[in-house]
Structure formats: C-alpha cells, structure tokens
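Written below as structure tokens is the structure these notes are about.
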Amino acid sequence: MKYFFIIIIILVSCGSSEKPPENIMTKDQMIEFLFDVNLINSSRGFVSKSDNNYFMVRDTMLFRKHTIDCLKFVRSNNFYTKNPKLYMEIYEGIDKKIKAIKDSLNNVKN
C-alpha cells in the first residue's frame, strides 16, 4: 500500500504541467523583450558612424517600450528558467527574428 501511494505521487508530479501565472509575460512578449535586450547589449560593443548609438538606451526606456516593470520581468524570467522547454522556445523565437532580419538585409544587398 505504501508503494502504491509513492507511485501515485510520482505519476501525478511527472504528469502535471505548471501553468504560467497571470502576472508574467507571455512567450511572445519575452521574445520581443529579450530580442531587444540582446540587440542593445550586442551593439554596445561597436562604435557606430551614425547617431543611433544603442549604448545610450537605458533599461528604463526598454521597460517603458514593452510596458512592463522590472519585477514583472524578474517573475517571468524565474518562471521560464524553471521550465527549460518553454525557455528554449523563447530563444528559438529570438533566433527566428534574427534570421529574418539577416535575410532581409541580405535581400537589400542584392
């Protein structure tokens, strides 16, 4: 009987999928936000010949653009890091955005 309860507990814990809380960002919102974060962080290492220097962008501007606060991002990031499959889907979405921009730039060159 004791083993029966242990097996039931294991099956229930393995089969349950954690629902996202209401106070976090959706996957699409995370994709857009993290894309901007990665773009800004990557561009900070380059000297731009134009006046569009992304290193001047402050975090507060980024939060304002995405209409979130830092606490919502922290909650969202904590939730998605505890769910690696969902986090991988987010980074796959970011990768698709990067590839789409890269392809559009290659088409402009031609």
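Bear in mind these aren't lab numbers, they're just calculated from the coordinates by the rules spelled out. As the structure is a prediction and not an experimental result, all values here were calculated from the model. All Cβ positions, glycine included, derive from the backbone under ideal geometry; neighbour counts span all protein chains shown.
Rounded to the nearest 0.05, the FRET efficiency derived from the C-beta distance between Thr26 and Met88 at R0 = 25 Å is 0.95. A Förster radius of 22 Å combined with the Cβ-Cβ distance from Lys97 to Phe63 puts the calculated FRET efficiency at roughly 0.65.
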